[in-house]
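Take a look at the structure below.
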Amino acid sequence: MGRMVAGLKPRGFTWVINDRLAVSDRVGGSGFQHRRVRREEEITWLVEEASVNTIVSMLPGNQNLAAYRQAGIATYSVPVSTPIEADDVARFFATLDKALDRGHARVLVHREVIDDTMGGLLGGYLVTSELVSDPILALAVIQQILGRALGPEGRSLIPAVAS
C-alpha cells in the first residue's frame, strides 16, 4: 500500500533541470482563484514531495514570501514587468544563479501563470548559464518541457534565437 501524498501539487509544476530547477503557476492559484488553504497545501507538497527549498518569485510585491519563509523555504523576489525589459532579464538570470548556487538548492521559479515570458526566460537561462550551448536546442527543450510552443515574445528572450 502506498504512502499518503502530502499536500497538493501546484498547477503546471514541472522540472526544467531534474531535481534542481522547477517551474509552476503561482502557488495557491492566480487572481481570484487564489486561496490561502490551497496555498498552504501546495507549499506542503513542495516541501514534502518535491523537496523544494528555494523559491524565486516573479510576482510583483512580496506575495506569498512570508508563507514560504514560514515553511523554511529560502526566497528571492525578482518582479518582472510586462512588457519585459532588458534589465529585468539580467536581474532574473543573476537571481536564478544566486538561488541555484546555494548548496543542495532545489529551486522553484513561478509567476502568475507559466507564459511566454517565463518560457523565454528559462530558455535564455539555459543558454546564458551554458547548460545548453545551442539556442535552437534550448528553445526546443523548453517547449518540450512546458508542452507548448513559445511565441515571438518568448523566443526573443533566448539569446541568438530569431523570432
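Miscellaneous remarks
- Residue identified as crowded, with 18+ Cβ neighbours inside 10 Å, in contact with a Phe, Trp or Tyr (Cβ under 7 Å, 6 or more places away or on another chain) and under 15 Å from Val16 (Cβ atoms) among Leu150, Leu121: Leu121
- Selection status of Ile84, in a loop (DSSP other than H, G, I, E, B) and either without any contact (Cβ under 8 Å) to a residue 12 or more places away in the chain or not acidic (Asp, Glu) (or both): yes
- Selection status of Ile73, surrounded by 14 or more Cβ atoms within 10 Å (Cβ to Cβ), modelled with pLDDT under 95 and touching a helix residue (DSSP H, G or I) at 6+ places or on another chain (Cβ under 8 Å): no
Yes or no, residue by residue, for (1) buried (at least 21 other Cβ atoms within 10 Å of the Cβ); (2) modelled with pLDDT under 95; (3) at positive phi:
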{"position": "Ser51", "(1), (2), (3)": "no, no, yes"}
{"position": "Leu59", "(1), (2), (3)": "no, yes, no"}
{"position": "Ala90", "(1), (2), (3)": "no, yes, no"}
{"position": "Thr95", "(1), (2), (3)": "no, no, no"}
{"position": "Val107", "(1), (2), (3)": "yes, no, no"}
{"position": "Leu139", "(1), (2), (3)": "yes, no, no"}
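- Test: residue in the range 33-47 that is at pLDDT 95 or above and in contact with a strand residue (DSSP E or B) (Cβ under 8 Å, 6 or more places away or on another chain): yes
- Residue in the range 106-119 that is of a type in the set (S, T, N, Q), part of a loop (DSSP other than H, G, I, E, B) and in contact (Cβ under 8 Å) with a residue 24 or more places away in the chain present: no
- Restricting the first member to the range 130-146 and to residues that are within 14 Å of Val16 (Cα to Cα), and the second to residues that are crowded, with 17+ Cβ neighbours inside 10 Å and among the charged types (D, E, K, R), the beta-carbon pairs closer than 7 Å and six or more apart or on different chains are Leu139/Arg155.
- In the set Arg91, Arg69, only one residue is in a helix (DSSP H, G or I) and within 20 Å of Arg39 (Cα to Cα); that residue is Arg69.
- In the range 21-49, the residues that are β-branched (Val, Ile, Thr) and either surrounded by fewer than 16 Cβ atoms within 10 Å (Cβ to Cβ) or not assigned by TED's automatic domain parsing to the domain that holds Arg11 (or both): Val37, Thr44
The values are calculated or read from the model by the stated rules, or taken from the named source; none is laboratory data. Since the structure is predicted, the reported quantities are computational estimates derived from the model, not experimental observations. With ideal geometry, Cβ positions are generated from the backbone for all residues, glycine too; neighbour counts draw on all protein chains shown.
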